[in-house]
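The values are calculated or read from the model by the stated rules, or taken from the named source; none is laboratory data. Keep in mind it's a predicted model, so treat the numbers as computed, not measured. No Cβ is skipped: glycine too gets one built from the backbone with ideal geometry, and neighbour counts run over all protein chains shown.
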Amino acid sequence: MKRNLPSLNALRAFEAAGRHGRMSLAAEELCVTHGAVSRQVQQLEDALGVALFEGPKNSPRLTEAGRSLLPGLTAAFDQLDASVRRIAETRSSVLDLAASGTLAMRWLIPRLHAFQERHPEVEVRLTACDSDDQFARIDYDVAIRVGAGPWPEGMDVGELFAERTGPVLSPSLARLLPRDIAGLPMLHTRTRPHAWRQWADASGHRNPAGDMEKAPAASVYQRFYYMLEAATAGLGVAIGPWQLVADDVRAGRLLAPFGFAPSGNAYVALSRPRPPAKVKLLLEWLFEEARRFEEETPAEAGD
């Protein structure tokens, strides 16, 4: 079937102008001049034999015909963009993975070599993101996030594992007060100011750390990773998620005298619906690795 369509450039110019409501913004999006957008819209109006905009030139409004045409064009261009993007992503071997810095360093990177060995054709670019704003600013294929939601709309969400937290400390520090951590320095992080109180509520223990606001400045760390490193170095007792301290506990670098209790958070993998093959490979590996990790978790680290 032969298609009798107006100029594609004219349709793009009208769609951008109608969506933004201003010719100047459409010109910026299309990287052309304001005059070029106006001429393309005029060309489309001439081809269709109807006016698509009305009102003053500095503040045009869509006519009834323009309002009728715009939704279909927007949907069509969105579909074109998605189709082209899928082909480009399929041909590319690069995959962008975003995760919190602490999770990346303490859980993901030590295991990522297994994925690279299994799929050497896929290059994983890892980006550390530690806030909602950082995750929102980057274009990722897969993001591993921790929290209780809600998660961004339109994303597929798969839970890797539920988070459990508990006090951890260096063996050298534990020898000083082997039965009572209340007399030891308590470490805090600004990213989770209520971690000690939440652990105490979930586990039934008394909160030995009090409020973070009353803690000495030297025991409050800007990053979660710094706090766990301080605990490993014997500077105090920290609250750590099992997933982030498991390797250190197993290696004897940290002790967990009270076990771990559910925090109410979960680690999840976010991806777009209908992902390309390379993303499916990473997701399958992540869920497989998470299941293996949970199966190897000792009873004292469980719920």
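A few comments on the model shown:
- Restricting segment 162-172 to residues that are farther than 22 Å from S131 by Cβ and crowded, with 19+ Cβ neighbours inside 10 Å, the residue that is farthest from the chain's Cα centre (by Cα): S170
- If you go through segment 11-54 and pick out every residue that is closer than 15 Å to G72 by Cα and within 40 Å of the chain's Cα centre (by Cα), you end up with 9.
- Qualifying residues in segment 39-78 (those that are at pLDDT below 90 and hydroxyl-bearing (S, T, Y)) - the one farthest from L5 (Cα to Cα): S59
- If you go through segment 266-295 and pick out every residue that is hydroxyl-bearing (S, T, Y) and assigned to a helix (DSSP H, G or I), you end up with 0.
- For the criterion of being surrounded by fewer than 19 Cβ atoms within 10 Å (Cβ to Cβ), in a helix (DSSP H, G or I) and assigned by TED's automatic domain parsing to the domain that holds F293, A202 passes.
- Residues in segment 109-125 that are in contact (Cβ under 8 Å) with a residue 24 or more places away in the chain, in a helix (DSSP H, G or I) and either among the hydrophobic types (A, V, I, L, M, F, W, C) or outside the structural domain of L286 (by TED's automatic domain parsing) (or both): A114, F115.
- The one condition from (1) in contact (Cβ under 8 Å) with a residue 60 or more places away in the chain; (2) of a type in the set (G, A, S); (3) closer than 17 Å to A256 by Cβ that G154 does not meet is (3).
- Qualifying residues in segment 55-64 (those that are surrounded by fewer than 14 Cβ atoms within 10 Å (Cβ to Cβ) and under 39 Å from the mean Cα position of the chain (by Cα)) - the one farthest from R12 (Cα to Cα): S59
- Test: residue in segment 129-145 that is assigned by TED's automatic domain parsing to the domain that holds V249, touching a Gly at 6+ places or on another chain (Cβ under 7 Å) and in contact (Cβ under 8 Å) with a residue 60 or more places away in the chain: yes
- Scanning segment 124-156 for residues that are modelled with pLDDT under 90, among the charged types (D, E, K, R), over 17 Å from M105 (Cβ atoms) and surrounded by 11 or more Cβ atoms within 10 Å (Cβ to Cβ) yields one hit, D132.
- For L44: the one exception among (1) assigned to a loop (DSSP other than H, G, I, E, B); (2) in contact with a Phe, Trp or Tyr (Cβ under 6 Å, 6 or more places away or on another chain); (3) among the hydrophobic types (A, V, I, L, M, F, W, C): (1)
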